[in-house]
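The values are calculated or read from the model by the stated rules, or taken from the named source; none is laboratory data. Everything numeric in this text was worked out from a predicted model, so none of it was measured. In this analysis, Cβ positions are derived from the backbone assuming ideal geometry, glycine residues included, and neighbour counts consider all displayed protein chains. Surface areas here come from the heavy atoms of the whole protein model, side chains and all, with no ligands, DNA or RNA. Shrake-Rupley method; radii C 1.70, N 1.55, O 1.52, S 1.80 Å.
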Amino acid sequence: MMKEDGGGGAGAEERDHGVHPGGEHVHHLLHRRRRREVAMVLKYGAVLVVFVLAFICNSHAICSLNQATFLVSALPAPSSALRLRVPVTVDYVAGAMERGFLLNFAGNRLFYAGVPLLLWIFGPILSCICSMVMVGMMSRATTMGTAMSRPIRKWRWILLGVNTACKLIR
């Protein structure tokens with residue numbers, strides 16, 4: 001009878017304070033849901049940032065290497081470079097190629113770092129397995145004598161040889 005008239009029973013307290021039986025359970029579930037949503041936003045945001053940076057690095061690498069290939073054909077013969085005062089030098093073209101390869105290297109590494117982040121959306125197990133595989137692949141690619149592990153200064157000598165060969169053909 002006390003519950004009906006609003007007098008001091010447990011039901012009256014629940015009505016007055018807006019707490020329902022099992023209210024703490026509902027609050028806990030809402031809190032967990034909010035945490036999951038924040039975690040998903042962070043996951044998608046991290047993937048987006050890493051892939052956008054990889055795209056920018058690879059795009060700039062393509063532009064830099066494209067510029068270097070055009071400049072290779074514009075190089076004057078080594079003996080006439082001093083007489084003509086051409087602003088394009090072998091060192092500048094080698095720097096453009098070095099910049100292109102460095103940006104390509106950074107873009108590829110960012111892309112490979114983004115793959116485990118992408119799999120992290122589906123759970124930690126896939127991300128962990130992918131990370132372990134990527135560590136093995138990257139250590140092998142770095143130490144097996146790829147183009148990026150050799151000194152990049154060799155491009156200066158290659159450009160000099162290409163330039164001399166082009167001048168002999170003309």
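Contact annotation: residue pairs with Cβ atoms under 6 Å, 6 or more positions apart or on different chains, pairing a residue in the range 49-78 that is more than 20 Å from L110 (Cβ to Cβ) with a partner that is in a helix (DSSP H, G or I) and of a type in the set (D, E, K, R), are A77/K167. Here R33 meets the list (1) open to solvent by less than 90 Å² (accessible area, probe 1.4 Å); (2) modelled with pLDDT of 65 or more; (3) over 30 Å from V133 (Cα atoms) almost entirely, failing just condition (1).
Being of a type outside the set (F, W, Y), open to solvent by less than 80 Å² (accessible area, probe 1.4 Å), part of a helix (DSSP H, G or I) and modelled with pLDDT under 90 holds for only one residue in A77, A94, A54, A46, and it is A94. From the list G11, G6, G100, G22, the one residue that fits, being surrounded by 14 or more Cβ atoms within 10 Å (Cβ to Cβ) and modelled with pLDDT under 90, is G11.
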